[in-house]
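Participant: Input: one structure, supplied below.
The values are calculated or read from the model by the stated rules, or taken from the named source; none is laboratory data. On a predicted model such as this, the values are computed, not experimentally measured, just so you know. Positions of Cβ are backbone-derived with ideal geometry, glycine not excepted, and every protein chain shown enters the neighbour counts. Ligands, DNA and RNA are excluded from the accessible area calculation, which covers all protein heavy atoms including side chains. Shrake-Rupley method; radii C 1.70, N 1.55, O 1.52, S 1.80 Å.
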Amino acid sequence: MQLPAKTRLAPSPTGALHLGNIRTFLVNWALARQRGWRILLRIEDLDTPRVKSGVTESMLGTLEAMGITWDEGPLVQSSDLEPYRAAMRTLAGAGHTYPSSESRAELEARAQEALSAPQEGVSEVRYPAEYRPAALPRIFEDASEANWRFAASAEAVDFDDGVAGPQRMTPAETIGDFVIWTKRHQPAYQLAVVVDDARQGITHIVRGNDLLDSAGRQILLQRALGIRPQPAYFHLPLVRGEDGKRLAKRHGDTRVESYLRAGVPPERIIALIARWSGVENVAACMTASEFASAFQLAKLPAHDVVFHPSDDVWLKERKR
Ligand code: GLU
(Lines give C-alpha, C1' and ligand atoms only; values in the text may rest on other atoms or scores of the structure.)
Protein backbone atom coordinates (compact mmCIF):
# COMPACT_ATOMS: atom_id res chain seq x y z
CA MET A 1 0.00 0.00 0.00
CA GLN A 2 1.35 3.39 -0.98
CA LEU A 3 0.94 5.89 1.88
CA PRO A 4 1.09 9.64 1.23
CA ALA A 5 4.52 10.88 2.27
CA LYS A 6 4.57 12.30 5.78
CA THR A 7 7.27 13.19 8.27
CA ARG A 8 7.17 14.36 11.85
CA LEU A 9 8.86 16.84 14.12
CA ALA A 10 8.98 15.08 17.49
CA PRO A 11 10.45 17.28 20.20
CA SER A 12 10.59 16.16 23.83
CA PRO A 13 9.65 18.95 26.25
CA THR A 14 12.58 18.19 28.52
CA GLY A 15 14.53 21.38 27.80
CA ALA A 16 14.53 24.36 25.46
CA LEU A 17 15.60 23.83 21.84
CA HIS A 18 19.29 24.60 21.30
CA LEU A 19 21.13 25.24 18.04
CA GLY A 20 21.64 21.52 17.45
CA ASN A 21 17.96 20.63 17.88
CA ILE A 22 16.80 23.48 15.67
CA ARG A 23 19.26 22.49 12.97
CA THR A 24 17.73 18.99 12.86
CA PHE A 25 14.22 20.44 12.69
CA LEU A 26 15.13 22.95 10.01
CA VAL A 27 16.71 20.28 7.80
CA ASN A 28 13.70 18.01 8.40
CA TRP A 29 11.34 20.86 7.48
CA ALA A 30 13.37 21.81 4.37
CA LEU A 31 13.42 18.19 3.11
CA ALA A 32 9.66 17.99 3.63
CA ARG A 33 9.04 21.20 1.73
CA GLN A 34 11.37 20.15 -1.10
CA ARG A 35 9.87 16.69 -1.47
CA GLY A 36 6.21 17.39 -0.73
CA TRP A 37 5.98 15.47 2.55
CA ARG A 38 3.29 16.49 5.02
CA ILE A 39 4.61 17.48 8.45
CA LEU A 40 3.10 16.37 11.73
CA LEU A 41 4.16 17.87 15.04
CA ARG A 42 4.23 15.42 17.93
CA ILE A 43 5.09 16.31 21.49
CA GLU A 44 6.94 13.38 23.06
CA ASP A 45 6.14 13.96 26.71
CA LEU A 46 6.15 10.43 28.07
CA ASP A 47 9.53 10.62 29.77
CA THR A 48 7.73 12.08 32.79
CA PRO A 49 10.49 12.78 35.31
CA ARG A 50 12.40 14.88 32.79
CA VAL A 51 9.41 16.73 31.30
CA LYS A 52 9.34 20.36 32.37
CA SER A 53 6.18 22.43 32.43
CA GLY A 54 6.03 25.39 30.09
CA VAL A 55 8.68 23.95 27.78
CA THR A 56 6.17 22.80 25.13
CA GLU A 57 4.76 26.30 24.74
CA SER A 58 8.20 27.88 24.44
CA MET A 59 9.32 25.21 21.93
CA LEU A 60 6.30 25.90 19.74
CA GLY A 61 7.07 29.61 19.95
CA THR A 62 10.67 28.99 18.92
CA LEU A 63 9.67 26.83 15.93
CA GLU A 64 7.19 29.47 14.78
CA ALA A 65 9.71 32.29 15.18
CA MET A 66 12.14 30.33 13.02
CA GLY A 67 9.55 29.86 10.28
CA ILE A 68 9.28 26.11 10.84
CA THR A 69 5.65 25.21 10.18
CA TRP A 70 3.60 22.01 10.33
CA ASP A 71 0.44 20.69 8.74
CA GLU A 72 -0.94 18.51 11.55
CA GLY A 73 -0.83 18.58 15.32
CA PRO A 74 0.53 19.21 17.81
CA LEU A 75 -0.40 15.72 18.99
CA VAL A 76 0.57 15.02 22.57
CA GLN A 77 1.63 11.47 23.47
CA SER A 78 0.40 11.56 27.06
CA SER A 79 -3.14 12.49 26.00
CA ASP A 80 -4.09 8.85 25.36
CA LEU A 81 -2.12 5.78 26.42
CA GLU A 82 -4.61 3.27 25.00
CA PRO A 83 -2.89 2.79 21.62
CA TYR A 84 0.34 1.84 23.43
CA ARG A 85 -1.51 -0.56 25.72
CA ALA A 86 -3.14 -2.15 22.68
CA ALA A 87 0.31 -2.69 21.16
CA MET A 88 1.50 -4.29 24.41
CA ARG A 89 -1.47 -6.67 24.33
CA THR A 90 -0.60 -7.63 20.75
CA LEU A 91 3.05 -8.20 21.63
CA ALA A 92 2.17 -10.22 24.73
CA GLY A 93 -0.38 -12.28 22.81
CA ALA A 94 2.37 -13.34 20.41
CA GLY A 95 4.89 -14.04 23.19
CA HIS A 96 7.17 -11.08 22.47
CA THR A 97 7.32 -9.40 25.88
CA TYR A 98 7.74 -10.11 29.58
CA PRO A 99 8.04 -8.23 32.88
CA SER A 100 11.49 -7.87 34.41
CA SER A 101 12.22 -6.40 37.78
CA GLU A 102 16.01 -6.02 38.06
CA SER A 103 17.02 -2.48 38.92
CA ARG A 104 19.16 -0.44 36.58
CA ALA A 105 21.88 -0.34 39.24
CA GLU A 106 21.91 -4.13 39.38
CA LEU A 107 22.25 -4.39 35.61
CA GLU A 108 24.95 -1.74 35.47
CA ALA A 109 26.94 -3.47 38.18
CA ARG A 110 26.72 -6.70 36.25
CA ALA A 111 27.75 -5.01 33.02
CA GLN A 112 30.70 -3.34 34.73
CA GLU A 113 32.07 -6.74 35.57
CA ALA A 114 31.87 -7.90 31.99
CA LEU A 115 32.54 -4.74 30.03
CA SER A 116 34.60 -1.61 29.81
CA ALA A 117 33.00 1.77 30.53
CA PRO A 118 29.79 2.49 28.59
CA GLN A 119 30.25 4.72 25.54
CA GLU A 120 28.74 8.15 25.14
CA GLY A 121 25.20 7.95 23.83
CA VAL A 122 24.78 4.35 24.89
CA SER A 123 22.56 4.76 27.88
CA GLU A 124 21.52 1.16 28.06
CA VAL A 125 23.67 -1.75 29.04
CA ARG A 126 23.19 -5.07 27.32
CA TYR A 127 20.52 -7.07 29.07
CA PRO A 128 21.81 -10.58 29.78
CA ALA A 129 20.09 -13.19 27.62
CA GLU A 130 19.82 -15.63 30.52
CA TYR A 131 17.50 -13.24 32.38
CA ARG A 132 14.73 -13.91 29.86
CA PRO A 133 12.27 -16.39 31.38
CA ALA A 134 11.77 -19.72 29.61
CA ALA A 135 8.03 -19.19 29.25
CA LEU A 136 6.71 -15.76 28.32
CA PRO A 137 3.30 -14.53 29.52
CA ARG A 138 0.55 -14.25 26.91
CA ILE A 139 -1.27 -11.47 28.74
CA PHE A 140 -0.01 -7.95 29.37
CA GLU A 141 -0.68 -6.76 32.89
CA ASP A 142 0.29 -3.21 33.69
CA ALA A 143 -0.13 -3.79 37.38
CA SER A 144 3.18 -5.08 38.56
CA GLU A 145 6.14 -2.99 39.68
CA ALA A 146 8.13 -4.12 36.68
CA ASN A 147 9.44 -2.94 33.36
CA TRP A 148 8.31 -4.97 30.38
CA ARG A 149 11.00 -5.95 27.91
CA PHE A 150 10.83 -6.88 24.26
CA ALA A 151 12.17 -10.38 23.65
CA ALA A 152 14.49 -9.37 20.83
CA SER A 153 14.86 -12.07 18.18
CA ALA A 154 18.40 -12.78 17.02
CA GLU A 155 17.73 -11.53 13.48
CA ALA A 156 19.80 -8.80 11.86
CA VAL A 157 18.16 -5.61 10.70
CA ASP A 158 19.35 -4.11 7.41
CA PHE A 159 18.30 -0.76 6.10
CA ASP A 160 19.64 2.00 3.95
CA ASP A 161 19.74 5.27 5.84
CA GLY A 162 19.21 8.32 3.63
CA VAL A 163 22.14 10.09 5.30
CA ALA A 164 24.17 7.51 7.22
CA GLY A 165 24.15 4.95 4.38
CA PRO A 166 23.68 1.15 4.60
CA GLN A 167 23.22 -0.18 8.11
CA ARG A 168 23.26 -3.64 9.66
CA MET A 169 22.26 -4.01 13.29
CA THR A 170 21.58 -6.95 15.56
CA PRO A 171 19.94 -5.50 18.67
CA ALA A 172 19.78 -8.90 20.37
CA GLU A 173 23.58 -8.93 20.41
CA THR A 174 24.27 -5.30 21.27
CA ILE A 175 21.38 -4.34 23.54
CA GLY A 176 19.59 -7.57 24.37
CA ASP A 177 15.96 -7.47 25.46
CA PHE A 178 15.06 -3.82 25.83
CA VAL A 179 12.42 -1.99 27.89
CA ILE A 180 9.22 -1.11 26.04
CA TRP A 181 6.89 -0.43 28.96
CA THR A 182 8.06 1.18 32.18
CA LYS A 183 7.12 0.62 35.78
CA ARG A 184 5.70 4.14 35.74
CA HIS A 185 2.85 2.58 33.71
CA GLN A 186 3.90 4.27 30.50
CA PRO A 187 5.31 3.10 27.19
CA ALA A 188 9.06 3.52 26.86
CA TYR A 189 10.37 5.69 24.03
CA GLN A 190 11.09 2.75 21.68
CA LEU A 191 7.51 1.49 21.77
CA ALA A 192 5.80 4.89 21.80
CA VAL A 193 7.65 6.08 18.74
CA VAL A 194 6.92 2.92 16.74
CA VAL A 195 3.21 2.92 17.63
CA ASP A 196 2.84 6.61 16.84
CA ASP A 197 4.79 6.60 13.61
CA ALA A 198 2.59 3.73 12.40
CA ARG A 199 -0.81 5.07 13.46
CA GLN A 200 0.02 8.57 12.32
CA GLY A 201 1.12 7.36 8.88
CA ILE A 202 4.73 8.51 9.11
CA THR A 203 6.73 7.43 6.06
CA HIS A 204 9.93 9.49 6.51
CA ILE A 205 11.83 9.83 9.80
CA VAL A 206 14.47 12.55 10.02
CA ARG A 207 16.32 12.94 13.33
CA GLY A 208 19.72 13.22 15.00
CA ASN A 209 22.15 10.33 14.60
CA ASP A 210 22.20 9.85 18.36
CA LEU A 211 19.07 7.81 17.56
CA LEU A 212 20.59 5.79 14.71
CA ASP A 213 21.16 2.88 17.04
CA SER A 214 17.51 2.97 18.14
CA ALA A 215 16.34 2.36 14.57
CA GLY A 216 17.38 -1.29 14.81
CA ARG A 217 15.20 -1.81 17.87
CA GLN A 218 12.34 0.10 16.32
CA ILE A 219 12.44 -1.99 13.13
CA LEU A 220 12.32 -5.19 15.22
CA LEU A 221 9.24 -3.83 16.99
CA GLN A 222 7.64 -2.88 13.66
CA ARG A 223 8.17 -6.45 12.46
CA ALA A 224 6.69 -7.94 15.61
CA LEU A 225 3.65 -5.66 15.35
CA GLY A 226 3.19 -6.37 11.63
CA ILE A 227 3.78 -2.73 10.67
CA ARG A 228 4.43 -2.21 6.95
CA PRO A 229 5.96 -0.55 5.03
CA GLN A 230 9.06 0.30 7.03
CA PRO A 231 9.57 4.08 7.16
CA ALA A 232 12.60 5.60 5.44
CA TYR A 233 15.26 6.86 7.86
CA PHE A 234 17.51 9.91 7.67
CA HIS A 235 19.87 10.26 10.65
CA LEU A 236 21.62 13.61 10.61
CA PRO A 237 25.06 14.34 12.05
CA LEU A 238 24.97 16.29 15.30
CA VAL A 239 26.27 19.64 16.45
CA ARG A 240 29.02 19.24 19.03
CA GLY A 241 31.10 21.54 21.18
CA GLU A 242 34.86 21.96 20.69
CA ASP A 243 35.38 19.23 23.27
CA GLY A 244 33.61 16.76 20.96
CA LYS A 245 30.64 16.38 23.30
CA ARG A 246 27.06 16.88 22.19
CA LEU A 247 25.92 20.48 22.42
CA ALA A 248 24.79 21.15 26.01
CA LYS A 249 24.87 23.71 28.81
CA ARG A 250 28.60 23.34 29.27
CA HIS A 251 29.08 25.01 25.88
CA GLY A 252 27.30 28.18 27.00
CA ASP A 253 23.73 29.25 26.45
CA THR A 254 22.97 27.98 22.94
CA ARG A 255 19.19 27.99 23.43
CA VAL A 256 17.48 29.47 20.40
CA GLU A 257 15.03 31.41 22.58
CA SER A 258 17.95 33.09 24.38
CA TYR A 259 19.40 34.29 21.07
CA LEU A 260 16.02 35.54 19.93
CA ARG A 261 15.53 37.35 23.24
CA ALA A 262 18.97 38.94 22.86
CA GLY A 263 17.80 40.39 19.54
CA VAL A 264 19.50 37.94 17.18
CA PRO A 265 17.21 37.66 14.11
CA PRO A 266 15.97 34.14 13.29
CA GLU A 267 17.43 34.63 9.81
CA ARG A 268 20.88 35.01 11.33
CA ILE A 269 20.50 31.67 13.12
CA ILE A 270 19.29 30.06 9.89
CA ALA A 271 22.35 31.43 8.08
CA LEU A 272 24.60 29.75 10.65
CA ILE A 273 22.69 26.48 10.20
CA ALA A 274 23.08 26.85 6.43
CA ARG A 275 26.86 27.22 6.84
CA TRP A 276 26.81 24.08 8.95
CA SER A 277 24.74 22.21 6.37
CA GLY A 278 26.78 22.48 3.20
CA VAL A 279 24.93 25.46 1.69
CA GLU A 280 27.34 27.52 -0.42
CA ASN A 281 27.69 31.33 -0.50
CA VAL A 282 25.53 31.87 2.57
CA ALA A 283 24.45 35.48 3.06
CA ALA A 284 24.49 37.13 6.50
CA CYS A 285 20.82 36.30 6.95
CA MET A 286 18.53 33.73 5.39
CA THR A 287 14.81 32.92 5.78
CA ALA A 288 13.56 29.38 6.30
CA SER A 289 12.15 29.37 2.74
CA GLU A 290 15.47 30.52 1.32
CA PHE A 291 17.13 27.73 3.28
CA ALA A 292 14.64 25.21 1.86
CA SER A 293 15.51 26.38 -1.69
CA ALA A 294 19.27 26.31 -1.14
CA PHE A 295 19.72 23.19 1.00
CA GLN A 296 20.93 20.01 -0.75
CA LEU A 297 20.92 16.78 1.18
CA ALA A 298 23.81 15.42 -0.92
CA LYS A 299 25.98 18.33 0.25
CA LEU A 300 25.23 17.89 3.96
CA PRO A 301 28.58 17.19 5.66
CA ALA A 302 28.70 13.55 6.70
CA HIS A 303 30.56 14.38 9.91
CA ASP A 304 29.30 16.12 13.04
CA VAL A 305 29.73 19.89 13.00
CA VAL A 306 31.46 21.87 15.72
CA PHE A 307 29.98 24.90 17.44
CA HIS A 308 32.85 27.30 18.16
CA PRO A 309 32.66 30.28 20.54
CA SER A 310 33.29 32.40 17.42
CA ASP A 311 29.90 31.20 16.08
CA ASP A 312 28.26 32.72 19.12
CA VAL A 313 30.06 36.00 18.41
CA TRP A 314 29.05 35.81 14.73
CA LEU A 315 25.39 35.31 15.66
CA LYS A 316 25.37 38.32 17.94
CA GLU A 317 27.38 40.75 15.82
CA ARG A 318 24.48 41.74 13.58
CA LYS A 319 21.55 42.68 15.71
CA ARG A 320 18.21 43.79 14.42
N1 GLU B 1 11.61 12.94 20.98
C2 GLU B 1 12.90 12.49 20.57
C3 GLU B 1 13.94 13.54 20.90
O4 GLU B 1 13.60 14.69 21.12
C5 GLU B 1 12.95 12.22 19.08
C6 GLU B 1 12.41 10.89 18.78
C7 GLU B 1 12.49 10.49 17.35
O8 GLU B 1 12.67 11.34 16.47
O9 GLU B 1 12.33 9.30 17.09
O10 GLU B 1 15.11 13.21 20.97
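Participant: For the stretch 189-252, take N as its residue count and report Rg(C-alpha) divided by 2.2 N^0.38 Å.
Facilitator: The stretch 189-252 yields a ratio of 1.35.
Participant: Which whole-number percentage describes the relative contact order of the stretch 6-100, with Cα contacts under 8 Å and a sequence gap of 6 or more?
Facilitator: Values: 102 pairs, mean separation 31.2, N = 95.
This gives 33 percent for the stretch 6-100.
Participant: Right, here's the next one. Which trypsin sites (Lys or Arg not before Pro) does the stretch 116-209 hold that lie in a coil by DSSP with at most 16 other beta carbons within 10 Å?
Facilitator: Listed in order of number, the matching sites are 138, 183, 184.
Participant: In degrees from 0 to 90, rounded to the nearest 10, what is the angle of the helix 212-224 Cα long axis to the longest principal axis of the chain?
Facilitator: Value to nearest ten degrees: 50.
Participant: Considering the alpha-carbon set of the stretch 1-92 alone, what are its Rg and its Dmax in angstrom?
Facilitator: 14.7, 44
Participant: Here's a follow-up. Subtract the Cα-Cα distance of residue 289 and residue 109 from 0.36 nm times their separation in residues, and report this length gain in nm to one decimal.
Facilitator: Values: separation 180, 0.36 × 180 = 64.80 nm, distance 5.05 nm.
Extra length from residue 289 to residue 109 when fully extended: 59.7 nm.
Participant: Bin width 10 Å, origin at 0, all Cα-Cα pairs of the stretch 62-206: what percent of pairs per bin?
Facilitator: All Cα pairs, binned at 10 Å, distribute as 9, 32, 34, 20, 5, 0 percent.
Participant: Another question about this same structure. Can you tell me what percent of all Cα-Cα pairs in the chain are more than 27 Å apart?
Facilitator: Roughly 47 percent, once rounded to a whole number.
Participant: Treating each Cα of the stretch 154-238 as an identical point scatterer and ignoring solvent, apply the Debye formula and state log10 I(q)/I(0) at q = 0.21 Å⁻¹.
Facilitator: At q = 0.21 Å⁻¹ the computed log10 ratios are -1.06.
Participant: Based on the alpha-carbon gyration tensor of the stretch 183-293 and its eigenvalue square roots a ≥ b ≥ c, which shape applies: rounded if a/c is under 1.5, prolate if not and a/b is larger than b/c, or oblate?
Facilitator: prolate
Participant: So for the chain, averaging the separation of alpha carbon pairs under 8 Å that are six or more residues apart and normalising by length, what relative contact order in percent results?
Facilitator: Dividing the mean separation by the residue count of the chain yields 21 percent.
Participant: Ignoring ligands, DNA and RNA, what accessible area per residue does the chain give at 1.4 Å, in Å²?
Facilitator: That works out to 47 Å² for each residue.
Participant: Would you kindly derive the ³J(HN,Hα) couplings of the stretch 102-111 from the backbone phi angles with the Karplus curve 6.51 cos²θ - 1.76 cosθ + 1.60 (θ = phi - 60°), listing them in order in whole Hz, with x for Gly and Pro?
Facilitator: Running phi through 6.51 cos²θ - 1.76 cosθ + 1.60 with θ = phi - 60° gives 5, 7, 4, 4, 4, 5, 5, 4, 5, 5 Hz.
Participant: Next up: DSSP loop (so not H, G, I, E, B), at most 14 other Cβ within 10 Å: list which GluC sites (Glu not before Pro) in the stretch 121-218 pass both filters.
Facilitator: For GluC sites (Glu not before Pro) across the stretch 121-218 that sit outside H, G, I, E and B with at most 14 neighbouring Cβ atoms in 10 Å, the list reads 141, 145, 155.
Participant: OK, next. Which of the peptides 63-70, 17-24, 46-53 is most tightly packed, and how do the rest follow, going by the mean number of other Cβ atoms within 10 Å of each residue? Don't skip to the answer; put the middle values down first.
Facilitator: Numbers: 63-70: 18.0, 17-24: 24.1, 46-53: 12.8.
Those peptides, ordered most packed to least, come out 17-24, 63-70, 46-53.
Participant: Moving on to the next point. Considering only protein heavy atoms and a 1.4 Å probe, what is the carbon-and-sulfur percentage of the accessible area of the chain?
Facilitator: Answer for the chain: carbon and sulfur cover 51 percent of the accessible area.
Participant: How large is ³J(HN,Hα), in whole Hz, for each residue of the stretch 60-77 in order, when computed from phi with the Karplus curve 6.51 cos²θ - 1.76 cosθ + 1.60 and θ = phi - 60°, using x for Gly and Pro?
Facilitator: Couplings: 4, x, 5, 4, 4, 4, 7, x, 8, 10, 9, 9, 9, x, x, 9, 10, 4 Hz.
Participant: Can you pull out the GluC sites (Glu not before Pro) in the stretch 199-286 whose DSSP state is coil and whose Cβ has at most 16 other Cβ atoms within 10 Å? Working shown, then result.
Facilitator: Working: sites: 242, 257, 267, 280; in loops: 242, 280.
Qualifying residues, ordered by number: 242, 280.
Participant: For the stretch 214-255 and the stretch 1-74, write down the distance between their C-alpha centroids in whole Å.
Facilitator: 14 Å
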